[in-house]
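Down below is the structure, laid out as C-alpha cells.
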Amino acid sequence: MHHFIRAMAPGDVPVLTDLWIDSWREAMPRIDFAGRRPFIERFLADPAHTVLVAAGADGTPFGFAGLAGGILHQLAVAPRAKGGGAARLLVAAAKVRHPESLALEVNRDNPRAVRFYLGQGFAVTTEGRNPTSGLPTLLMRWPGEPGAA
C-alpha cells in the first residue's frame, strides 16, 4: 500500500473521528468509544495539537497521530490498514517532530499496542490509570532509557 504522511486538513476531522472510533472499537471492544466522539473531535480541532495523517495515494486518511508537545496522545489506524506500516510511519514522523524525547500512555491490556511501542524503541517508565476508563496504563518514553522500569 502506497501511503504518505501529511498535515491534517480541517475537512479531515469527521473522517478521522470515525477512524478513531473504529480503530479503538476493534482494539478494546468493551469500551464505548462512540460515546467519546466529542472528546476526539475537540482534540482534533484544538490548534495546540499537531495531527499527522497517514493517507493513501488518493489523499484519503487511514491513520493519524495526535501530538501535544512531546506527548503522543493519539495513534489510530483504520482496522483495514492495520499491519500495513502506517503506524510505524506515523511514529517515525512524530519522532522527527520531537527528536529529543517522545512520551505516551498506552492501555496495559492492549498487548498489540504495547508490543508495537516496545518495537519502536519506547520503554515503560511507570504505570498509571486512565482517568476516564479507570483501566491500568503504562507510561512509555522514547528513546527508552536503559534499565527503565
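When T126 is tested against (1) under 26 Å from M8 (Cβ atoms); (2) touching a Leu at 6+ places or on another chain (Cβ under 6 Å); (3) not aliphatic (A, V, I, L, M), just one condition goes unmet, and that condition is (1). Selection of the range 51-68 for residues being surrounded by fewer than 18 Cβ atoms within 10 Å (Cβ to Cβ) and either of a type in the set (K, R) or within 12 Å of A7 (Cα to Cα) (or both) yields only G59. Scan the range 109-126 for residues that are touching a Lys or Arg at 6+ places or on another chain (Cβ under 7 Å) and surrounded by fewer than 17 Cβ atoms within 10 Å (Cβ to Cβ) and the total you get is 1. Confirm whether G121 is in a loop (DSSP other than H, G, I, E, B), without any contact (Cβ under 8 Å) to a residue 40 or more places away in the chain and out of contact with any Asp or Glu (no Cβ under 6 Å at 6 or more places or on another chain). Yes.
Every condition in (1) closer than 23 Å to T125 by Cα; (2) outside any strand (DSSP E or B) is met by L16 except one, and the failing one is (1). May I ask you to list the residues in the range 67-82 that are farther than 15 Å from V13 by Cα and at pLDDT below 95? Of everything in the range 67-82, those that are farther than 15 Å from V13 by Cα and at pLDDT below 95 turn out to be A68, G69, G70, H73, P79, R80, A81, K82. Residue-level analysis places V114 outside the set of residues that are assigned to a strand (DSSP E or B), β-branched (V, I, T) and over 24 Å from G35 (Cα atoms). Test V106 against the criterion of being surrounded by 17 or more Cβ atoms within 10 Å (Cβ to Cβ), over 16 Å from the mean Cα position of the chain (by Cα) and not aromatic (F, W, Y), and give yes or no. Judged against the criteria, V106 is not a match. Counting just the residues of the range 1-35 that are at pLDDT 90 or above, surrounded by 12 or more Cβ atoms within 10 Å (Cβ to Cβ) and not aliphatic (A, V, I, L, M), which one comes out nearest to A81 (Cα to Cα)? Of everything passing the filter in the range 1-35, S23 is nearest to A81 (Cα to Cα). The C-beta contact set for the range 44-55 (first residue of a type in the set (S, T, Y), second residue part of a loop (DSSP other than H, G, I, E, B) and buried (at least 17 other Cβ atoms within 10 Å of the Cβ), distance under 9 angstrom, 6+ apart or interchain) comprises T50/M8.
The values are calculated or read from the model by the stated rules, or taken from the named source; none is laboratory data. These numbers come from a predicted model, not from an experiment. Here the Cβ is made from the backbone with ideal geometry for all residues, glycine too, and neighbour counts use every protein chain on show.
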